[in-house]
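In what follows, a structure is listed as structure tokens, so that the remarks can point back to it.
The values are calculated or read from the model by the stated rules, or taken from the named source; none is laboratory data. The model shown is predicted, which means the values in this text are computed figures rather than measured ones. Virtual Cβ from ideal backbone geometry, glycine too; neighbours counted across all protein chains shown. When the accessible area is computed, the model is the full protein with side chains, heavy atoms only, and any ligands, DNA or RNA have been set aside. Shrake-Rupley method; radii C 1.70, N 1.55, O 1.52, S 1.80 Å.
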Amino acid sequence: MKEKFTTKVLVEIALFAAISFALDLLASGLSRFLFVNGGSFSIAMLPIFILAYRRGFTPALICGITVSLLQTIGGVYIVAGNWYYALAQVMLDYILTYPMVALAGIFARSFQKTDKKNKKYLLIILGCIVGGLGKYLCHVLSGVIFWSSSIAWSSFEGMPFVYSLVYNGAFCLPNIVICVIIMVFIYKLQPQLIENNLTTTESDYYEQEE
């Protein structure tokens, strides 16, 4: 049996990617004076989280890749000195960040299968934390490898890992908390935006061909 994405799923991927990219652009503009080396207070992960629970890991991954590619096309700031370091920086700062958010999708099937509300809330929280921490990890590694020379705080000289944890944590961790809170409220007020019965409505999730 062959499976392929339906037009409906592809439209959702494109729509959520566009919303996420727009939110990222808006947040970057508003926060550019707060985080001189990049980063922002943002809910740009939220559309990917919603798609991850609605459609699962793979659609969310494609959505995350799309957002990252749009972000890369929109402008890349390189501090690495040679091409392979520059490529690694682009991967960590741009290409891998939003696909990591799609890790929330690994909880989607369990979320759709259970009828227990408390468990659903727990799975939403876990997914957002895992996906958000995946993105945070990319930023931390990039900070350690590529941004340590730009450390301005004398107390962090010679401690790029600590600096990167603190600097990136200043926006990544609040973003995770905000997205968790919003996702919980979305599920509480509009559960149909997240629930899609992946285990029982495969025809709505994929087109299937013999």
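Listed values, structure above:
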| item | result |
| --- | --- |
| LEU193 open to solvent by 50 Å² or more (accessible area, probe 1.4 Å), at pLDDT below 95, out of contact with any strand residue (DSSP E or B) (no Cβ under 6 Å at 6 or more places or on another chain) and aliphatic (A, V, I, L, M) | yes |
| Identity of the residue in segment 141-156, touching a Phe, Trp or Tyr at 6+ places or on another chain (Cβ under 9 Å) and surrounded by 22 or more Cβ atoms within 10 Å (Cβ to Cβ), that ends up modelled with the lowest pLDDT | PHE146 |
| Residue selected from segment 70-85 under the condition in a helix (DSSP H, G or I) and over 13 Å from the mean Cα position of the chain (by Cα), by the criterion modelled with the highest pLDDT | LEU70 |
| Residue satisfying condition, being closer than 18 Å to ILE178 by Cα, among the aliphatic types (A, V, I, L, M) and touching a Gly at 6+ places or on another chain (Cβ under 7 Å), within set LEU103, LEU122, LEU133, LEU126 | LEU103 |
| Extreme residue, modelled with the lowest pLDDT, among residues of segment 160-176 that are touching a Gly at 6+ places or on another chain (Cβ under 9 Å), open to solvent by less than 70 Å² (accessible area, probe 1.4 Å) and of a type outside the set (Ser, Thr, Tyr) | PRO160 |
| Single condition TYR98 does not satisfy, out of (1) hydroxyl-bearing (Ser, Thr, Tyr); (2) open to solvent by 70 Å² or more (accessible area, probe 1.4 Å); (3) modelled with pLDDT of 80 or more | (2) |
| Flag for CYS63 being in contact with a Cys (Cβ under 6 Å, 6 or more places away or on another chain), modelled with pLDDT of 90 or more and of a type outside the set (Phe, Trp, Tyr) | no |
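Yes or no, residue by residue, for (1) part of a helix (DSSP H, G or I); (2) at pLDDT below 55:
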| residue | (1), (2) |
| --- | --- |
| GLY158 | no, no |
| ILE178 | yes, no |
| PHE185 | yes, no |
| THR199 | no, yes |
| GLU207 | no, yes |
